[in-house]
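In what follows, a single structure is set out as structure tokens and then discussed.
Any read-out appearing in this document is the output of simple, stated calculations on the displayed coordinates, not a laboratory observation. Nothing here was measured: the structure is a model prediction, and the numbers come from that model. We place every Cβ from the backbone using ideal geometry, glycine too, and count neighbours over all the protein chains shown.
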Amino acid sequence: MVCLCLALLCGPAIAQPAGDTLIVGYVDVPPLAYEGTDGRAEGVFIDLTRRVAEEAGYDLNFRYLPVSRTYYYLRTGGIDLWPGVTDVPALKGEVLESFVSPLPFQLSAWGLATMPPVLHFDDLKDRTLILISGYTYGGLAEHLENTPGISITEAPNHLAALAMLNRGRGDYLLDYHDPVKAVLDEFPVRGIQEYPVRTRNAAWVFSLANPRSARLRNEFDDAYLRLAERGEVPEPRVLSEGFQLPGLADLF
């Protein structure tokens, strides 16, 4: 009788399916993704991730990480997915990307009106370029660091980068449109100009270290398409290589 009771008590716990909570790594790209004052993951892309995961039947556990640590955990299975971008060279062969792209990620060069416009990659040569520490810019940072004539200086975050640019500690800033605009809305920089460099596709990036990565990718894609049909999320974007600054394609 005692054994039967124990079996009844333990049975449901053993039979309960595992793995319904996914570990999500996210990086600081406000207002798309950032850590709120209470430590909670916030942002447009984060909200979309929560909505899609709910539709797909998953709970989420968010971890705020530096970019380099996010890549490492995707390769090793420390996280299940990343609301990020497609075509990251450091992740080639290590991840699956969603077919659905809900948002664009626009990378731009930013400069003061006193500086010449950036119309070609060669316009960055013989200049000092401010980069955000830890950002790879989809492999572009490494190419810039190895390009003769371009000096690199780093800032710890988007606000500090704009302050450096405003104080003349760099000729141009390379940074994504959304986080820069979020800072400028609160701390305007007089005469700042934006020059589009590269448009990339946002995507959910799944770790191949998780044996269910293909299934997860399909479930997220299907969930997003159902939500889009109901008008609850933006229409999925058509995946493409996107705009590139003339001369930039020669680097890849």
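Under 5 Å between amide H atoms, partner at least 5 residues away or on a different chain: which partners does residue 208 have, H built in plane at 1.01 Å?
Counting only residues 5 or more places away or on other chains, the set is 95, 96.
Taking springs between alpha-carbon atoms closer than 10 angstrom, which of 178, 80, 59 fluctuates most in the Gaussian network model of the chain?
Residue with maximal mean-square fluctuation among 178, 80, 59: 59.
For residue 63 and residue 145, calculate 0.36 nm times their separation in residues minus their Cα-Cα distance, and state this gained length in nm to one decimal.
Gain on extension, residue 63 to residue 145, equals 26.6 nm.
Quick one: compute a quarter of the convex hull surface over the Cα atoms of the range 170-238 and quote it in nm².
7.9
Between residue 99 and residue 40, how many nm apart are label points set 7 Å from Cα along the C-beta direction?
Those two pseudo-labels are separated by 3.4 nm.
Compute and list, largest first, the equivalent-ellipsoid semi-axes of the range 38-113 from the alpha carbon gyration tensor, each √(5λ) rounded to a whole angstrom. Can you show the working numbers first?
Numbers: eigenvalues 99, 64, 42 Å².
In descending order, the three semi-axes are 22, 18, 15 Å.
What is the order of 101, 68, fewest Cβ neighbours within 10 Å to most?
68, 101
Of 187, 112, 216, which is farthest along the charge dipole of the chain in the positive direction, counting Lys and Arg as +1 and Asp and Glu as -1 at C-beta?
The Cα lying farthest towards the positive end belongs to 216.
Counting Lys +1, Arg +1, Asp -1, Glu -1, what net charge surrounds residue 153 among other residues with beta carbon under 15 Å of its beta carbon?
-2
Within a 10 angstrom radius of the beta carbon, how do 229, 54, 219 rank from fewest other beta carbons to most? Kindly include the intermediate steps, with their values, before the conclusion.
Working: 229 10, 54 13, 219 17.
The order, fewest Cβ neighbours first, is 229, 54, 219.
Mean separation of Cα pairs under 8 Å and 6+ residues apart, divided by the residue count of the chain: what relative contact order is that in percent?
Working: 451 pairs, mean separation 66.9, N = 252.
Dividing the mean separation by the residue count of the chain yields 27 percent.
Viscosity 1.002 mPa s, temperature 20 °C: what is the translational diffusion coefficient of the range 109-195 from Stokes-Einstein with a Kirkwood Rh over Cα pairs, rounded to a whole number of µm²/s? If you can, show how the numbers build up before the last one.
Values: Rh = 12.9 Å.
Using the Kirkwood radius from Cα pairs, D works out to 166 µm²/s.
What does the charge add up to near residue 26, with Lys and Arg as +1, Asp and Glu as -1, over the other residues with Cβ less than 10 Å from its Cβ?
Summing Lys and Arg as +1 and Asp and Glu as -1 gives -2.
Rank 20, 28, 171 by mean-square fluctuation in a GNM of the chain with C-alpha springs under 10 angstrom and give only the top-ranked residue.
20
How large is the helix-only mean residue ellipticity at 222 nm for the chain, computed as the sum of -39500 (n - 2.57) over DSSP H runs with n ≥ 4, divided by its residue count, in deg cm²/dmol to the nearest 500?
-9500 deg cm²/dmol
Rg (Å, one decimal) plus Dmax (Å, integer) for the alpha carbons of the chain?
21.2, 86
Would you tally the net charge around residue 35, using a Cβ to Cβ cut-off of less than 11 Å, leaving residue 35 out, and scoring K and R as +1, D and E as -1?
Once positives and negatives cancel, what remains is -1.
Tell me which DSSP H helices of the chain clear both cut-offs, 15 Å or more of axial length from alpha-carbon atoms and a mean Kyte-Doolittle hydropathy of at least 1.6. Walk me through the intermediate numbers first.
Details: long enough: 2-15 (20 Å, 2.49); 44-56 (18 Å, 0.22); 213-229 (24 Å, -0.79).
Membrane-span-like by this criterion, though nothing is claimed about a membrane: 2-15.
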